[in-house]
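Peer 1: Mind having a look at this structure? Questions to follow.
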Amino acid sequence: MKGRAAQLKRTAKEAAACTRCPLYRHATQTVFGEGPVGAAIMMVGEQPGDQEDRAGRPFVGPAGKVLDRALAAAGIDREKVYLTNAVKHFKNEPRGKKRLHKRPNRYETEVCKVWIDKEISLVRPQLILALGVTAAQSLTGRRTIVLSRERGRVLELPDGRRGMVATHPSAILRMPDEAARRAGFSTLVKDLRMAKQLSAS
Ligand code: SF4
């Protein structure tokens with residue numbers, strides 16, 4: 001385990017210097033995953049957002065706060081989960097003083113997959129939960145993912161590991177009204193509970 005943890009640190013250092021796709025040019029830094037080697041659950045989001053880009057840590061912005069609440073409601077300790085993203089640099093478009101999120105394209109997601117593959121091989125989770133469509137596409141290699149059809153069930157990933165798909169917390173924040181956000185949140189909690197159960201079995 002110690003050897004794998006050291007290797008993960010070295011991999012994070014390598015990723016910090018990554019220039020494999022153009023996204024590094026407009027971001028502050030690489031946001032590598034964080035969490036313990038041997039974590040039972042790995043959660044994979046789309047990409048770092050504005051606050052993650054500045055802090056250099058995944059899921060510390062508004063979506064991360066939603067995830068924290070959902071993890072607490074599902075009885076999952078964030079410290080025991082490995083959290084990462086399909087793409088490690090923040091893709092954005094400057095608009096005045098703001099930087100607007102831009103969804104990574106297929107090329108960027110595919111090129112960045114090398115880092116998730118390394119994270120998976122070193123962390124060796126029992127279950128990988130894709131948060132949102134981009135992460136699900138990256139992990140399954142499938143072009144089309146219909147979240148409403150895939151969520152709530154177990155998927156076999158190409159490497160034989162068990163996977164699941166759930167709504168990305170940022171999609172919950174974008175839902176049009178409070179009732180929709182509440183329903184989206186309880187669905188996420190339900191999926192996290194299922195992930196917890198599966199990762200322990
Ligand atoms: S997004 Fe991924 S592949 Fe592209 S430069 Fe950043 S770390 Fe490298």
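Peer 1: Pulled fully out, how much extra length does the chain show between Arg143 and Lys113, if you take 0.36 nm times their separation in residues and subtract their Cα-Cα distance?
Peer 2: 9.4 nm
Peer 1: Right, next: Over the Cα atoms of the range 50-107, each weighted equally, I'd like the Debye log10 I(q)/I(0) at q = 0.18 Å⁻¹, rounded to two decimals.
Peer 2: -0.73
Peer 1: Okay, next question. More than 17 Å apart: what percent of Cα pairs in the range 1-111 qualify?
Peer 2: When every Cα pair of the range 1-111 is considered, 56 percent fall beyond 17 Å.
Peer 1: Please report the relative contact order for the range 37-181, taking Cα pairs under 8 Å with a sequence separation of at least 6, and give it as a percent rounded to a whole number.
Peer 2: Computed value for the range 37-181: 28 percent relative contact order.
Peer 1: Here's something else I'd like to know. Just the projected area, averaged over all directions, of the convex hull on the alpha carbon atoms of the chain: how many nm²?
Peer 2: Orientation-averaged projected area of the Cα hull: 10.9 nm².
Peer 1: Between Gly49, Gly132, Gly141, which gets the highest mean-square fluctuation from a Gaussian network model of the chain, Cα cutoff 10 Å?
Peer 2: In this elastic network of the chain, the residue with the biggest mean-square fluctuation among Gly49, Gly132, Gly141 is Gly141.
Peer 1: So which trypsin sites (Lys or Arg not before Pro) in the range 78-172 pass both tests, a DSSP loop state and at most 11 other Cβ atoms within 10 Å of the Cβ?
Peer 2: Lys97, Arg143, Arg153
Peer 1: From the P(r) of the range 141-201, can you give the percent of Cα pairs sitting at distances over 13 Å?
Peer 2: Summing the P(r) of the range 141-201 above 13 Å gives 66 percent of all pairs.
Peer 1: Moving on to the next point. Write down the accessible area per residue of the chain in Å², having rolled a 1.4 Å probe over the full set of protein chains.
Peer 2: 51
Peer 1: Same structure, new question: Would you mind telling me the share, in percent, of accessible area of the chain contributed by carbon and sulfur at probe 1.4 angstrom?
Peer 2: Of all accessible area on the chain, carbon and sulfur atoms account for 52 percent.
Peer 1: Quickly estimate the mean residue ellipticity at 222 nm for the chain, helices only: each DSSP H run with n ≥ 4 gives -39500 (n - 2.57), and the total goes over all residues, rounded to 500.
Peer 2: Details: 8 runs with 92 residues, N = 201.
Taken over the chain, the calculation gives -14000 deg cm²/dmol.
Peer 1: Over the Cα atoms of the range 79-191, each weighted equally, I'd like the Debye log10 I(q)/I(0) at q = 0.12, 0.15 Å⁻¹, rounded to two decimals.
Peer 2: -0.47, -0.73
The values are calculated or read from the model by the stated rules, or taken from the named source; none is laboratory data. Every value quoted in this text rests on a predicted model; they were computed, and no experiment measured them. Cβ atoms come from the backbone with ideal geometry, glycine included; neighbour counts cover every protein chain shown. To get the accessible areas, we keep the full protein, side chains included, count just its heavy atoms, and leave off ligands, DNA and RNA. Shrake-Rupley method; radii C 1.70, N 1.55, O 1.52, S 1.80 Å.
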